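Written below as structure tokens is the structure these notes are about.
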Amino acid sequence: MPDSVLVTGATGTVGRHLTELLCGRAVPVRAMVRDTGRAAAVLPAAARTVPGDLTDPAAVAEALDGVRTAFVVLAEDAGEAFAQAAEKATALRHLVVVSADAPDDSAHRGPLFARHADGEARLLATGVPVTVLRPAPFATQALAWVADLAAGDTVGVVHPDLAVPVIDPRDVAEAAAVVLRGPTPVRRRVLALSGPDLLDVPARVDIVGAVLGRRLSVARLEPDEWVGRVAGRVPAAYARGLLDVERYLYERRLPVVPTVRQITGRPPRPFRTWVEDHAAAFGAPVRGRSSKEAS
Ligand SMILES: NC(=O)c1ccc[n+]([C@@H]2O[C@H](COP(=O)([O-])OP(=O)(O)OC[C@H]3O[C@@H](n4cnc5c(N)ncnc54)[C@H](OP(=O)(O)O)[C@@H]3O)[C@@H](O)[C@H]2O)c1
């Protein structure tokens, strides 16, 4: 297919939006997925799916065959298999990788940081020009509060005063869609992406409460208490990794940046818009249905 864009992580939050956007603009998409059945159910029919695991260099090589531009999600091997295949992909001209802000010094590296910092470095070492997107924490992180909000009106977190410029993943996808079709950098370009507002946890919880019509509050938990509370849903090692990220972000104080508007030509969506569009996930009646139907 001429001038296809390879989208990895196409069944994920950002990848799904990106695939829809590109297909909607008549850009040929080759979507690399682990589960073709699930992909067929969630992706537009115009997207051509290729099966494969991102940690398998042979599968990535097949997916990259003849492709000039690729959107890369870093898998658990921190981009190693992708980089090996990219080094041999003769048509490849531009990689757009979705990463995250992470510390450069190895002393502070937990596994979640290593995936991003090492993955960026490994892709850059391929010699293929790379655009790195470093989005702020996604609005979707609020879904971690669903269990607390099903049980009561208090959200328990370890760092309530952690303020981040939370971004709607649809804005990450929109920025990626533009960058994938725009000029290729000579070697490396890094674009931090953020939402429009710096919001701490009580501010975000207030917005969720306003949308749901509930009076909600926030409780500060000790790290062990929080890890125990989420144990049924999040493995302990991963939960501790998330707390490392929070501690890093607390010191880092990510700012609001104007890049989404600069890249896409329109302002990033406020957190409230994301909550309104996902209110059903928090147990609110689905809009457009009668309360009888929704119950
Ligand atoms: N969440 C945040 O707050 C945040 C903030 C900054 C940056 N980021 C970055 O943004 C990226 C995209 O986030 P997202 O929310 O869209 O992720 P997501 O919803 O978890 O989706 C991840 C996608 O990658 C695919 N995938 C994972 N491992 C794979 C493998 N070994 N082989 C093939 N496919 C694999 C998944 O496929 P399956 O459907 O088969 O599982 C899924 O399609 C993340 O990877 C993270 O690096 C996230």
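The values are calculated or read from the model by the stated rules, or taken from the named source; none is laboratory data. Predicted, not measured: the structure shown is a model, and the values here were computed from it. In this analysis, Cβ positions are derived from the backbone assuming ideal geometry, glycine residues included, and neighbour counts consider all displayed protein chains. With ligands, DNA and RNA removed, areas are computed over all heavy atoms of the protein, side chains included. Shrake-Rupley method; radii C 1.70, N 1.55, O 1.52, S 1.80 Å.
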Among strands (runs of 3 or more DSSP E) entirely within region 23-94, at least 2 residues that are closer than 20 Å to Arg187 by Cβ occur in 69-73
From the option list Ala279, Ala192, Ala177, Ala203, single residue qualifying as modelled with pLDDT of 95 or more, open to solvent by less than 40 Å² (accessible area, probe 1.4 Å) and closer than 18 Å to Thr131 by Cβ is Ala177
Being more than 13 Å from Ala173 (Cβ to Cβ) and more than 13 Å from the ligand (Cβ to nearest atom) narrows Thr49, Thr36, Thr69, Thr55 down to just Thr69
Scanning region 238-252 residue by residue, the ones that are among the small types (Gly, Ala, Ser) and under 17 Å from Val201 (Cβ atoms) total 1
So the helices (runs of 4 or more DSSP H) completely within region 168-243 holding 3 or more residues that are under 22 Å from the mean Cα position of the chain (by Cα) are 169-181, 201-212
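Residues checked against (1) of a type outside the set (D, E, K, R); (2) surrounded by fewer than 23 Cβ atoms within 10 Å (Cβ to Cβ); (3) under 15 Å from Thr19 (Cβ atoms):
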site	(1), (2), (3)
Val42	yes, yes, yes
Ala58	yes, yes, no
Glu62	no, yes, no
Ala70	yes, no, yes
Ala75	yes, yes, no
Glu80	no, yes, no
Lys88	no, yes, no
Ala91	yes, yes, no
Leu95	yes, no, no
Practice task
Return yes or no: is Val128 within 12 Å of the ligand (Cβ to nearest atom) and in contact with a helix residue (DSSP H, G or I) (Cβ under 8 Å, 6 or more places away or on another chain)?
Solution key: no
Looking across region 95-119 at residues that are in a loop (DSSP other than H, G, I, E, B) and away from the ligand (no atom under 12 Å from the Cβ), the single one that is nearest to Leu254 (Cα to Cα) is Pro103
Looking at region 152-163, is at least one residue under 21 Å from Trp226 (Cα atoms), open to solvent by less than 10 Å² (accessible area, probe 1.4 Å) and of a type outside the set (Asp, Glu)? yes
Among Val132, Val128, the single one that is surrounded by fewer than 21 Cβ atoms within 10 Å (Cβ to Cβ), without any contact (Cβ under 8 Å) to a residue 60 or more places away in the chain and under 28 Å from Arg68 (Cβ atoms) is Val128
